[in-house]
Structures are given as C-alpha cells and as structure tokens.
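Novice: I have a structure here, written as structure tokens, and I will follow up with some questions on it.
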Amino acid sequence: MTGAHDVIAAYWAAAEARDWDAFGALLTDDVLYRGPQTREEVRGRDAYLRFNVEGFAYDWHIAVVKIVGEGASGASWIEFTGEEGLQAGLCFFDLEADGRISRITDFWPDPYELPASRAHLVERY
C-alpha cells in the first residue's frame, strides 16, 4: 500500500477500530505530529501511539467525509464524535517512499457565527 489515498483511508480505519498495531505500522519511526492551533507536537511512533491511546481515553468515533491524495501527500476531512460532540477535522499527511506516514498536521476548526455583512448573500444549512 503506497498510494496516499489508500494509506490515509487505512490510517482512519485503524484508528476507528482501535487497531493500534495496524495504525502504528502505517507510521515511520520518527513520525511528526503537529496541531498548529494548540501548538502540540509529538515526535516518534511510540509517542504518537501513546498520544492517541491515552490522550483520547473515552468513547469516540471517526467518519471520513473525504480523502484526497496523490504521490507522497494527501489530506482528509473527518467528522469526529467525542466528549465535545461532533467536530470537523482537517488532516494533512506526508508519506515516505515506502508509503508510511512521516508527518501529520491536524486542524480542528471551530464553527462561528455568520458575519452580518454577508448574511444576505448566502443560504444557511
């Protein structure tokens, strides 16, 4: 499995299944995770596995909305349901030549109210 789309799909499937062996097998030894909004950084496969297992030790679920990937990079849009309800996540991935993930950059945008200046220009859903 070396295509970015397939690797990212396998990453989320392993996470949802809590199959940490399969999840870890998709990562390089020196994988780097970054969360720019909270300025979190986790270096290395073991640390990143621990981050996921211990840092989210409650009932949660992931639904993949969309994955795009080509060559050595890709991105996903997911819906994460956990303690804070439903959240949207945007995650960017870099892959090595062997198809393993070497870098993950994760964004969790919060919803906000529509500015009045453009309310008359759009439909709300």
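The values are calculated or read from the model by the stated rules, or taken from the named source; none is laboratory data. Small disclaimer: the values here were computed from a predicted structure and weren't measured. When we count neighbours, we look across all protein chains shown, and the Cβ atoms used for this are built from the backbone with ideal geometry, even at glycine. Each accessible area value is taken on the protein alone, full model and side chains, heavy atoms only, with ligands, DNA and RNA left out. Shrake-Rupley method; radii C 1.70, N 1.55, O 1.52, S 1.80 Å.
Novice: If Leu121 satisfies all but one of (1) open to solvent by 70 Å² or more (accessible area, probe 1.4 Å); (2) within 22 Å of His5 (Cβ to Cβ); (3) of a type in the set (A, V, I, L, M), what's the number of the condition it fails?
Specialist: Here Leu121 meets the rest and fails (2).
Novice: If we keep just the residues of region 34-71 that are in contact (Cβ under 8 Å) with a residue 24 or more places away in the chain, more than 16 Å from Ala14 (Cα to Cα) and part of a strand (DSSP E or B), which is least open to solvent (accessible area, probe 1.4 Å)?
Specialist: Gly35
Novice: Specify the residue that is nearest to Gly35 (Cα to Cα); the eligible residues are those in region 81-113 that are open to solvent by 50 Å² or more (accessible area, probe 1.4 Å) and among the aliphatic types (A, V, I, L, M). Before the answer, list the steps.
Specialist: Applying the first criterion (open to solvent by 50 Å² or more (accessible area, probe 1.4 Å)) to region 81-113 yields 81, 83-84, 86-87, 90, 92, 94, 96-98, 100, 103, 107-113.
Imposing the further condition that a residue be among the aliphatic types (A, V, I, L, M) reduces the set to 86, 90, 97.
Details: Leu86: 18, Leu90: 11, Ala97: 24 Å.
The extreme case among them is Leu90.
Novice: Please go through region 1-33 and pick out each residue that is touching a residue at least 24 places away in the same chain (Cβ under 8 Å), touching an Asp or Glu at 6+ places or on another chain (Cβ under 9 Å) and of a type outside the set (Gly, Ala, Ser).
Specialist: Residues satisfying the conditions are Thr2, His5, Thr28, Leu32, Tyr33.
Novice: Can I ask one more? Just one of the numbered conditions (1) under 17 Å from Gln37 (Cβ atoms); (2) modelled with pLDDT under 95; (3) among the β-branched types (Val, Ile, Thr) is not true of Ile78; which one?
Specialist: All conditions pass for Ile78, except number (2).
Novice: Within region 94-117, track down each residue that is of a type outside the set (S, T, N, Q), more than 12 Å from Gly3 (Cα to Cα) and either in contact with a strand residue (DSSP E or B) (Cβ under 9 Å, 6 or more places away or on another chain) or at pLDDT 95 or above (or both). Walk me through how you get there before you give the answer.
Specialist: Filtering region 94-117 down to residues of a type outside the set (S, T, N, Q) leaves 94-101, 103-104, 106-116.
From what is left, the residues that are more than 12 Å from Gly3 (Cα to Cα) are 103-104, 106-116.
Matches in region 94-117: Arg103, Ile104, Asp106, Phe107, Trp108, Pro109, Asp110, Pro111.
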